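Accompanying notes for the structure given below.
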Amino acid sequence: MKRVVYTETGDPGVLQLTEAESPEPGPGEVRVRLRRAGVNPTDWKSRTGSGPGQPVDPPQTPGQDGAGLIDAVGEGVDPALVGLPVWVWEAAFQRPWGTAAEQTLVPVHQAVSLPDPPDGSDPFDLGAALGIPFLTAHRCLTVAENGPQRLGPGTLAGRTVLVAGGAGAVGNAAIQLARWSDATVISTVSSPQKAQSAAAAGADHVINYRNQDVVAELRKIAPHGADLIIEVSPGPNAAIIAGGLAVGGTVAIYANNGGDEVTLSIRPLMTTNARLQFVLVYTAPHEAKLRAAEDVVAGVTAGAIRVGEPVGLPLLHFSLEETAQAHQAVEDGAVGKVIIDITD
Ligand SMILES: NC(=O)c1ccc[n+]([C@@H]2O[C@H](COP(=O)([O-])OP(=O)(O)OC[C@H]3O[C@@H](n4cnc5c(N)ncnc54)[C@H](OP(=O)(O)O)[C@@H]3O)[C@@H](O)[C@H]2O)c1
């Protein structure tokens, strides 16, 4: 089978397309014949590592996310699963079998049944876009002290959610999940084009953080402030966090875009009994990710979770041979979802 690998850290040039034996699933694992892989920033960041030229042994196939059909099962796994369409998550986390390949191996619980989207769109495009963005967004939306732990209609009713960077992949997922869950959704963006993307995803209100006063605009919409802030860029947005949070509110911080340091004003955050919750999908509680995967499937089945231009997430397709270009597109901040087409 064809498999992209890297054997040392570095720029996209370290990625090589190779031929490999099909891996055999071990106990509790399934093998998935992939149709699509989804590319996320974590893929190029892992490939880059802490600097170029560090050996990677065994060879690593990049790619956490993908979708395809189960084609073999290991000991202890129901053979009836063979042929099931699935989306996979965390395929390359502490495992060599990422999704930039014709086949991957994952523990059976990381291969989740993939329903047909009700709008008739390609299920494998959607499946490849679910893992990292939607599990991260789900975690961010369910870490508040006063819940909920599950998402779906009504679960966030009465709450105001501020999604920073709503045109990003995680931002888009957070907007779709929060909208489905009946929150009032406000999103910040940096341009009119990105405002359209966030609105298409389902944001009720969009604020351009480059030329509008985010806290003032937010307070016009939600005088009490945001109950939940989903934050991609806490350093530059520290004043929005301090000025925009409601009493008892939570800030879910999932990235350090714009800088790894943050200076926070204690008094306004103390006054609101603010909760700052950091989120990394890999080390998030396992049970939370299983709940998230179930909710995501329910959202797909309901037609509430989609990808593509109509929901502000255009699909940017690359071939397996173009995996390096796909990584570069994500690193360059492509607007949309970068997908690697593996087979039809
Ligand atoms: N913790 C986790 O588990 C986890 C999971 C997934 C992703 N991540 C990380 O999260 C980040 C985003 O991932 P992604 O896949 O969503 O990337 P993406 O699609 O490139 O989106 C990044 C978004 O951040 C926005 N942004 C940057 N600075 C901003 C600011 N000051 N205010 C508001 N928005 C701002 C960008 O919009 P503008 O350029 O217009 O500002 C862009 O829309 C990456 O650093 C990624 O590594 C972390």
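Under 25 °C and 0.890 mPa s, how fast does the chain diffuse according to Stokes-Einstein, given a Kirkwood radius computed over C-alpha pairs? Answer in µm²/s, whole number.
121
Tell me the label-point distance for the pair A239, T343, using the 7 Å Cα-to-Cβ offset, in nm and rounded to one decimal.
5.5
Roughly how many Å² is the accessible area per residue of the chain, as a whole number, for a 1.4 Å probe?
With the other protein chains kept in place, the chain gives 41 Å² per residue.
Can you pull out the trypsin sites (Lys or Arg not before Pro) in region 87-175 that DSSP calls coil and that have at most 13 other Cβ atoms within 10 Å?
Within region 87-175, no trypsin sites (Lys or Arg not before Pro) qualify (loop, at most 13 other Cβ atoms within 10 Å).
If the elastic network links every pair of Cα atoms under 10 Å, which of G83, G249, G120 fluctuates the most in the Gaussian network model of the chain?
Sorting by GNM fluctuation, first place goes to G120.
Give, rounded to the nearest 20 debye, the magnitude of the charge dipole that the chain has about its Cα centre when Lys and Arg contribute +1 at Cβ and Asp and Glu contribute -1 at Cβ. Don't jump to the answer; show the numbers that get you there.
Values: 23 positive and 37 negative charges, 241 e Å.
The calculation lands at about 1160 debye.
Can you give me the C-alpha center-to-center distance between region 131-147 and region 1-43, rounded to a whole angstrom?
Cα centroid to Cα centroid, the span is 27 Å.
Please tell me the relative contact order of the chain in percent, rounded to the nearest whole number, where contacts are Cα pairs under 8 Å and at least six residues apart.
Computed over the chain, the figure is 18 percent.
For K220, which lysines qualify as cross-link partners when the Cα separation must be under 27 Å and same-chain residues fewer than eight apart are set aside?
Counting by Cα, and skipping residues close in sequence, K220 has these lysines nearby: K194.
For F93 and A334 in one chain, what is 0.36 nm times their gap in residues minus the Cα-Cα distance, to one decimal in nm? All intermediate terms of the calculation are to be shown ahead of the outcome.
On the way: separation 241, 0.36 × 241 = 86.76 nm, distance 2.34 nm.
Stretched out fully, the F93 to A334 stretch lengthens by 84.4 nm.
Which residue, G165, G248, G66, has the most motion in a Gaussian network model of the chain that connects Cα atoms within less than 10 Å?
Judging by the Gaussian network model, the answer is G248.
How much of the accessible area of region 77-222, in percent, comes from carbon and sulfur atoms when a 1.4 Å probe is used?
50
Lysines near K2 by alpha-carbon distance under 24 Å, same-chain residues fewer than 8 away left out - which ones?
The reachable lysines, counting only those whose Cα sits under 24 Å from K2, are K45, K337.
Span-like helices, the chain: DSSP H, alpha-carbon axial extent 18 Å or more, mean Kyte-Doolittle -0.5 or greater, which ones?
Helices meeting the span and hydropathy rule in the chain are 286-301.
In nanometres, what is the gap between the two model label sites at Q193 and E287, each 7 Å from Cα along Cα-to-Cβ?
4.5
The values are calculated or read from the model by the stated rules, or taken from the named source; none is laboratory data. Being a predicted model, the structure only gives us computed values, none of them experimental. No Cβ is skipped: glycine too gets one built from the backbone with ideal geometry, and neighbour counts run over all protein chains shown. The accessibility values were calculated without ligands, DNA or RNA, using every heavy atom of the protein model including side chains. Shrake-Rupley method; radii C 1.70, N 1.55, O 1.52, S 1.80 Å.
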